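Have a look at the structure below, then the notes.
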Amino acid sequence: MKVGIVGGGRWGQALARLVLAAGNEPFIAYQGKRPPHILPSTDDPPQVAAECELLLVATSAAEVRASIRLVKPGSQNLIVVAGRGLDPVTGDWLTDAVLQECDTVRVGALAGPAPVEEILNGGLCAGLIASRDEALRQMAVTALHSPRYRCYETPDLTGVQLAGAVVPVLAALVGLALNLGGAGVGIHAMVLTRGLAEATRLGNAIGADPATFMGLAGVGDLVAAQARPGHPHYDVGKALASGHPPHGSGPEQLARALHKLAQMHGVDVPLISAIVGICDGMPPVDAVQRLMMREAKVETR
C-alpha cells in the first residue's frame, strides 16, 4: 500500500519509517528546497493526494489547514491527523479543520506515546488510531502496525483528540511543579492522577469514552511527555516556574482553549485553570498554594 504523508519534517520522516516497517510504501509531500533524506517524496503536494488513498498529516496544529489546502485531497482520500491539539485560531478539533478545508468525509486522529527520536533510532512504541469510520481505522492500522509499532484502534475520536490537547498542558504543569522549590514526587503524582481526572470529567461532558484517558492517548502519552527533562512541553513548565513564561507556547494556547471549553460545559478543571492563571501573571507558588488549599473531597473522576 502506498501511504501519503503530509509534512517532511522529523515527525513526517518518523511516520514514513513506520510505514516502511509495516511493509508499505511511504510518499511524503514536503515544502522547501531540501527533500527528506532518502525517503520517497515530492514537492508537488497534490501528487500525494492523487496517488495515495490514505494520507497522514504530520504537521503542527497551526499548519494543518494550510497543508490541506496545498495537498487538495478529495472525497476519495481518508485523512488521519497525526498532530495533537486544537486549531490555535478557531479552537476547532484538527479533524474538523480538515473537514472544513477539503471534500473528504472520512477523518481520524493518531495519538499515543511515540517519541520522534526513538522512532528514528529504531525504538519500539505504540499508537492509537481514532475514527468513527471503521474502514479508515483498518486501513490506518494496516499502514502502520508492525513488530516495531503496535497500532490499536478506537471509534472515540472526540476522546483521543481531547487527550491530545490535555497532555501537553499536564506535561507543562509537571515541569513547573518539579522546578519549584520543595517540590518532589508527591506533587508529580498528584498532577498526573488529578490531571487525568480533569480530562475524564471534561471528556464525559462532551461525549468521550472515559476509558480513553486511561489508555495510550491519555496516561500513555502523558508518561512519555514527562518522562525526562528536555521534552518541549516539560520545558515550557520549567520556564513558567522560573517566572519567564514563553507566551504563545503550545501548552498555553491549549490551556486557554480547554479552559474555555470547560467553562462552556460547566466542568471544574483546576489544574488547567492554574496554567492559565500563571500565564496571565499569577506567581507560580501562589497558583500551587491555591490548588493545595482547595476543599477536601472524595476522590472521583
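The values are calculated or read from the model by the stated rules, or taken from the named source; none is laboratory data. Note that the structure is predicted; figures quoted are calculated from it, not measured. Please note: Cβ atoms are built from the backbone with ideal geometry, for glycine as well, and neighbour counts cover all protein chains shown.
Does segment 139-154 contain at least one residue that is under 15 Å from ASP221 (Cα atoms) and assigned to a helix (DSSP H, G or I)?
Scanning segment 139-154, I find no residue that is under 15 Å from ASP221 (Cα atoms) and assigned to a helix (DSSP H, G or I), so the answer is no.
Within segment 217-230, does at least one residue satisfy the condition of being in a helix (DSSP H, G or I), surrounded by fewer than 19 Cβ atoms within 10 Å (Cβ to Cβ) and free of Cβ contacts under 8 Å to residues at least 24 places away in the same chain?
Checking segment 217-230: not a single residue is in a helix (DSSP H, G or I), surrounded by fewer than 19 Cβ atoms within 10 Å (Cβ to Cβ) and free of Cβ contacts under 8 Å to residues at least 24 places away in the same chain.
Can you tell me which residues in segment 47-93 are under 18 Å from PRO168 (Cα atoms), touching a Lys or Arg at 6+ places or on another chain (Cβ under 8 Å) and assigned to a helix (DSSP H, G or I)?
Of everything in segment 47-93, just one residue is under 18 Å from PRO168 (Cα atoms), touching a Lys or Arg at 6+ places or on another chain (Cβ under 8 Å) and assigned to a helix (DSSP H, G or I), namely ALA61.
Going through ALA58, ALA16, ALA21 one at a time, which residue ends up being more than 22 Å from the chain's Cα centre (by Cα), small (Gly, Ala, Ser) and at pLDDT 95 or above? Lay out the reasoning, then the answer.
Details: ALA58 fails: more than 22 Å from the chain's Cα centre (by Cα); ALA16 fails: more than 22 Å from the chain's Cα centre (by Cα).
Just one listed residue meets the conditions, ALA21.
Limited to segment 98-122, what total is found for residues that are part of a loop (DSSP other than H, G, I, E, B) and either in contact (Cβ under 8 Å) with a residue 24 or more places away in the chain or aliphatic (A, V, I, L, M) (or both)? Working first, answer last.
Let us first name the residues in segment 98-122 that are part of a loop (DSSP other than H, G, I, E, B), namely 102-105, 112-115, 121-122.
Subset that is either in contact (Cβ under 8 Å) with a residue 24 or more places away in the chain or aliphatic (A, V, I, L, M) (or both): 102-105, 112-115, 122.
Number of matching residues: 9.
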